[in-house]
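To start, the structure under review is shown below, and the notes come after it.
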Amino acid sequence: MSPDVHGEPSRLSRLGAYPFERLKALLADSRPNPELVHIDAGAGEPRLPLPDFVGPALSESLAGFSKYPATRGNAELRGAIAAWLEQRYGLDHVDADTQVLSANGTREALFAIAHALVDPDAERKPRVLMPNPMYQIYLGAAVTAGAEPYLMPCTPATGFAPDIDAVPDDVWDNTALVYVCSPSNPTGWIADADWYARLLTLADRHDFHIVADECYSEIYWRERPVGLLEVARQTGRSDYARCLVMNSLSKRSALPGLRSGLIAGDASLIARFARLRSYTGPATPLPLQHVAARAWSDEAHVAANLAVYRASLKAFYDARGEGEPPAGSFFVWLPVDDGEAFAKAAYEQQAVTLLPGAYLSADATDGGNPGNGFVRVALVDGPEVAAELAQRLGAVRV
Ligand SMILES: Cc1ncc(COP(=O)(O)O)c(C=O)c1O
């Protein structure tokens, strides 16, 4: 890799600043309205009480800090993950030894997976497909792994679905990997069984892998989202061929500081990824793996969290008096004229921090950016704050 003019490796220099750095720069010369209490609806960090079992589970496993943890995750955690997947998605069997890995938070795993599945030395530069807007990690992963990102616009015109029928065969033929985000951060779109089934058919036909980021699977407005492994099994792929899913305790259990997630699916892809990970070593400390195993084994706290997210979405839309909650996630993808101008005005006039939609998307080849006319509002502080947010945002004047 040749260094570019700034002395950075050239792939890295193709990446822009991360959304929150861009937000900091946007607001650098602004001050939040001092007459109001500041509300941070920018970051997607759940702010809910710690589940009861966390303290006891941590203290009973403290001795584990004296040992190196295995990167793959210990048997207790992988077993709990496999059992959760089987129960949640009605799967006959998930093999805890060959079809499951622990992730040190899914962010690192979503990034690293492209490095395991893309061959940067291929004769034709491989494609990595992803939604646009997207969780920015997919883009960073594709670029640094030596692939060419291919963006599937998710707009009101597509119902915020990545339009897989619009992707030319020539692109599919050269695709190594497709990232799916369902429920989607930031749009709230959820893949249905038919959409996943069509993608699986394309994967068989054109020989590519699917990585489904299902971190928001337990946060939904009405229907509980279907999962990629579930559809794979329903369509006769009981070995989950070509499929990997990632999920996280950060959102489901409101434990973003635990840094624990799961990777599961096709045993051959798991083996390939485990090999890469045996070098990079993103292991989760053993006491935290014990807490994580408990969290995958308990649904009561997840149901309680879901009730708060639903109440927050309802409070926001009731106070707003228009629009519909998203199908999934705790984000509102709010249409505005100009996302950056709106975010700046919301901060200065109403002491609200939001993310401009353009920071969560990329410029398309036609020059447009599907995030320009949106801001992302995270409803992570409960119903009262959600209602207050709707009122304050309704008062913003650009
Ligand atoms: C869509 C999506 N995927 C993955 C993650 C990563 O979560 P974690 O690394 O905490 O598991 C996030 C976090 O915000 C996210 O929004």
(request) Would you mind computing, in nm to one decimal, how far apart the modelled labels at Ala304 and Asp204 are, each placed 7 Å from Cα along Cα→Cβ? (result) 4.4 nm
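For the chain, what is the Kirkwood estimate of the hydrodynamic radius, computed as the reciprocal of the mean inverse distance between distinct Cα atoms, to one decimal in Å?
21.8 Å
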(message) Straight-line reach only, C-alpha to C-alpha below 20 angstrom: list the lysines that Lys251 could link to, leaving out same-chain residues fewer than 8 apart.
(response) Lys314
(message) For region 35-74 and region 85-126, what is the centre-to-centre distance using only Cα atoms, to the nearest Å?
(response) 23 Å
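Given the Cα-Cα distance of His93 and Arg31 and 0.36 nm per residue of separation, how much length would full extension add, in nm? The partial results should precede the final answer.
Values: separation 62, 0.36 × 62 = 22.32 nm, distance 5.44 nm.
The His93-Arg31 span can extend by a further 16.9 nm.
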(request) Excluding Glu223 itself, calculate the net charge of residues whose Cβ lies under 15 Å from the Cβ of Glu223, where each Lys or Arg counts +1 and each Asp or Glu counts -1. (result) -2
(request) Extending each Cα 7 Å along its Cβ direction at Asp366 and Arg14, get the distance between those two points in nm, one decimal. (result) 2.3 nm
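Taking 0.36 nm per intervening residue step and subtracting the Cα-Cα distance, what contour gain separates Ala63 from Glu348 on full extension?
Details: separation 285, 0.36 × 285 = 102.60 nm, distance 4.90 nm.
Result: 97.7 nm gained on full extension.
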(message) With every protein chain kept in place and ligands, DNA and RNA left out, what is the accessible area per residue of region 1-93? Probe 1.4 Å, answer in Å².
(response) 64 Å²
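What net charge do the residues around Gly321 carry, taking every other residue with its C-beta under 15 Å from that of Gly321, with Lys and Arg at +1 and Asp and Glu at -1?
Numbers: positive: Lys314, Arg320, Arg392; negative: Asp318, Glu322, Glu324, Glu388.
Overall, the nearby charge balance is -1.
Within region 91-188, report the trypsin sites (Lys or Arg not before Pro) that DSSP leaves as loop and that have at most 13 other Cβ atoms within 10 Å.
Taking region 91-188 and a limit of 13 other Cβ atoms within 10 Å, the loop trypsin sites (Lys or Arg not before Pro) found are Arg124.
Using Cα pairs under 8 angstrom and six or more residues apart, how large is the relative contact order of region 66-298, in percent?
On the way: 450 pairs, mean separation 62.7, N = 233.
Dividing the mean separation by the residue count of region 66-298 yields 27 percent.
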(request) For every helix of n ≥ 4 consecutive DSSP H residues, a contribution of -39,500 (n - 2.57) applies; sum these over the chain, divide by its total residues, and give [θ] at 222 nm rounded to the nearest 500 deg cm²/dmol. (result) -11500 deg cm²/dmol
(message) If I stretch the segment between Asp173 and Glu384 completely, what's the gain in nm (0.36 nm per residue apart, minus their alpha carbon distance), one decimal?
(response) 71.0 nm
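Restricting attention to region 153-235, which GluC sites (Glu not before Pro) occupy a DSSP loop and are surrounded by at most 12 other Cβ atoms within 10 Å? It would help to have the intermediate numbers written out before the result.
Details: sites: Glu214, Glu218, Glu223, Glu230; in loops: Glu214, Glu218, Glu223.
The qualifying sites are Glu223.
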(request) Determine the equivalent ellipsoid of region 66-298 by diagonalising the alpha-carbon gyration tensor, then write out the semi-axes as square roots of 5 times the eigenvalues, largest first, rounded to whole Å. (result) 26, 20, 17
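The values are calculated or read from the model by the stated rules, or taken from the named source; none is laboratory data. Nothing here was measured: the structure is a model prediction, and the numbers come from that model. Virtual Cβ from ideal backbone geometry, glycine too; neighbours counted across all protein chains shown. Accessible surface is based on the protein model in full, side chains and every heavy atom, while ligands, DNA and RNA are left aside. Shrake-Rupley method; radii C 1.70, N 1.55, O 1.52, S 1.80 Å.
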